[in-house]
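Structure record follows, encoded as structure tokens.
Here, each number is a calculation from the coordinates, and none is a lab measurement. These figures come from a predicted structure and were not determined experimentally. Don't worry about glycine lacking a Cβ; one is built from the backbone with ideal geometry, like all the others, and counts go over all protein chains shown.
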Amino acid sequence: MERRGPVDKVTTAEPTNTNKDKIKYLKRYILLDREIERKIREAEHWRSRLGNMTAQYSTQPKGGGSIYPKEEVIIAKIVDLENEIDADIDRLITIRDGIKAAIDAVEDDRERLLLQYRYLDGRTFEWIASEMNFHWQWIHRLHKKALKKLEINVCREMYS
């Protein structure tokens, strides 16, 4: 018979949908978008390295290696990065659609606009306050109120 200690305990209770959980869910779009931009810059870096390579032909055998990767290695890195970027873009679109649908369900226009600025456009609270002609403290209160009204199933959607 198998004994289970306190560490092995399996819980089935669903975590609560706190504002902190909602913020973490909503920020996934911006974070993934930044990761895609970083990978695109890396792919451009490898393309430029590939463009700077020149072929050297000689009848003499060449010994030793180079500290620089060969063309095939660079091309493989570029292809791998582009495949990762494509998969990330597909995930980004899915995440954005889910976040946009949740935000669009908020009835109050000001709250909905604030959430769009913050989580789809990646704007700061200060920028949002200036754009919406409110004091930044009021924007924080409005944000908290909007998060309470936001209905998303963080547990189910967070890791899908």
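Give me the one-decimal nm value for the distance between modelled label points at E84 and K39, 7 Å along each residue's Cα-to-Cβ direction.
If labels sit at E84 and K39, their model points lie 0.7 nm apart.
Quick check on packing: order 91-102, 114-125 by the mean number of other C-beta atoms within 10 Å, highest mean leading. Before the final figure, lay out each step's value.
Details: 91-102: 15.8, 114-125: 18.2.
By packing density, highest mean first, the sequence is 114-125, 91-102.
Between K24 and D121, what length comes free when the chain is fully extended (0.36 nm per residue of separation minus the Cα-Cα distance, one decimal in nm)? Write out the running numbers ahead of the final one.
Details: separation 97, 0.36 × 97 = 34.92 nm, distance 1.54 nm.
Result: 33.4 nm gained on full extension.
On full extension of the chain, what length is gained from W136 through E71, given 0.36 nm per residue of separation minus the C-alpha to C-alpha distance?
Details: separation 65, 0.36 × 65 = 23.40 nm, distance 5.28 nm.
Between W136 and E71, full extension yields 18.1 nm more.
Say R0 is 35 Å: what FRET efficiency, to the nearest 0.05, do S48 and K100 get from their beta-carbon distance? If you can, show how the numbers build up before the last one.
Numbers: r = 35 Å, r/R0 = 1.01.
Computed FRET efficiency for S48 and K100 comes out at 0.50.
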